[in-house]
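Trainee: If you scroll down you'll find the structure; I have some questions about it.
The values are calculated or read from the model by the stated rules, or taken from the named source; none is laboratory data. Every value quoted in this text rests on a predicted model; they were computed, and no experiment measured them. The protein model used for the area step is the full one, side chains on, heavy atoms only, and it has no ligands, DNA or RNA in it. Shrake-Rupley method; radii C 1.70, N 1.55, O 1.52, S 1.80 Å.
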Amino acid sequence: MLAIGTIYGGSVLILGVSDLLLAHAIRPAAFGSYQYVRLLLPLMVISGLLGLDQVMARLTPGSAARTVPWLAMLPRCTGVSLLLGGAAAAASVLAVDLAWPGALCLILGAPTLVVSEFSAGYLRARGKYLIAAFIQQGYRLLLGSVVIGSLALASSLEGVYPLFILLSAATFSLIGLRWASGDLAPGNGLSASQTKAIRKTGLWFAVILIGLGGMDWIDQAAIARQFGSFGPAGEYAALKVYLSFPFVALVSVVGFRLLPEVAKQSHQLSHARLWRIQLAIFAVAVVIAGALLIGYHIHPQFLPVRASFTVLMGLAATGVARFLSLVPGAVVGGLGSRYVLKIYALGGVLVLLAEAMTVSIGARHLPALELGMVALVVATWVRCGMSMVLASLS
């Protein structure tokens, strides 16, 4: 478990550090384009897989997974993701003038990442957790490492950074497919009822994941669209990375260990204890947010973006909301009934709609940084409140 946690934590750390350094090294427009592609790509992958990678381990754990013809489902997943990636690339070129490296990454990166995520899901089902974690997170580790290693040439490479995403994804899709295909055994296929159960369960997981991932893409896409340039979107993305990355890293690493612990101690987790835990997390989150704000003012040269106190406080508050959602999210995921999980999934879609409506209304009145901040505050705090309510019902 320690090795797996190190892989997850290391991937978040390296990718986050690379984002911070890249935001400082290249023009805001180039960074905005890179972040736009990097955050949109997972949504295409999730839509292509439709939760199949999530349900493998839940429906066919252990040796039973070997005899299920999972690879027969892979062409459909890659085909759907290819179509979605192509549609997203075409729409992005028309709507926000996305350059060809970013468009190419969306078209080819979506099916490529589907292969690695699919392979990781199968290997998790087989109980090969370490190699599954390596394949799933490996492209992030490689991408972050390549970006950091290329910073000396950042100014001359800034237009092709999205291609680094594609190359990193391709590397680990090949590794993943090699490991997964070599482990499969002949199977007798799936019955109609089994196929229906897999697709139905996977769909709900896909909706949850799209709700989580879409929240961080809509605000940046809206800024690029509204202001006709990736420049304002890049400035906003740099601030968001700085003020949100520490919380995202903590949620990723702590959450990896928290979910099984919550499941083990379900009988001890009363509502009163849950609120005490939330108060302690809130205190820690406020301290971290305060340290980040102080650091921003002490070293203003670190980020080439100046923002108002309101924007800084708002983005810091989104990090606090992410941290506060950690335990309730683990409770819902570990203990929630199917009814609660469905509400959680549909609630995530409503959060995205609320964020999109906020952007639509605020676009007429707010500058770029304020627009993104307000939209993200609405999304993160509505999701946090929803998680708390559903955790109380679990």
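Trainee: What Kirkwood Rh does the chain have if only Cα atoms enter the pairwise 1/r average? Answer in Å. Kindly include the intermediate steps, with their values, before the conclusion.
Mentor: Details: mean 1/r = 0.0463 Å⁻¹.
Value: 21.6 Å, from the Cα pair sum.
Trainee: Report the number of Lys pairs in the chain whose alpha-carbons are under 23 Å apart, with separation of 8 or more residues or on distinct chains.
Mentor: On the way: 128/264; 196/342; 200/342; 264/342.
Eligible lysine pairs with Cα atoms under 23 Å apart amount to 4.
Trainee: In addition: Please give the solvent-accessible surface of residue 357 in Å², to the nearest 10, using a probe radius of 1.4 Å with every protein chain present.
Mentor: Only protein atoms counted, so the area is about 120 Å².
Trainee: Please calculate how many Å² of accessible area segment 308-381 carries per residue, with a 1.4 Å probe and no DNA, RNA or ligand atoms counted. Before the final figure, lay out the partial values.
Mentor: Working: 3000 Å² over 74 residues.
Each residue of segment 308-381 exposes 41 Å² on average to a 1.4 Å probe.
Trainee: Using only the Cα atoms of segment 81-154, each taken as one equal point scatterer with no solvent, compute I(q) by the Debye sum, divide by I(0), and report log10 of the ratio at q = 0.15, 0.18, 0.20 Å⁻¹.
Mentor: Normalising to I(0) and taking log10 leaves -0.68, -0.84, -0.91.
Trainee: To continue, here is another question. If contacts are Cα pairs under 8 angstrom and at least 6 residues apart, what is the relative contact order of segment 299-394 in percent? Kindly include the intermediate steps, with their values, before the conclusion.
Mentor: Numbers: 74 pairs, mean separation 45.7, N = 96.
For segment 299-394, the relative contact order is 48 percent.
Trainee: In the chain, carbon and sulfur make up what percent of the accessible area (probe 1.4 Å)?
Mentor: Working: 12030 of 16990 Å².
Its accessible area is 71 percent carbon and sulfur atoms.
Trainee: Solvent-accessible area of residue 365, probe 1.4 Å, all protein chains present, reported in Å² to the nearest ten, please.
Mentor: For residue 365, solvent-accessible area is about 140 Å².
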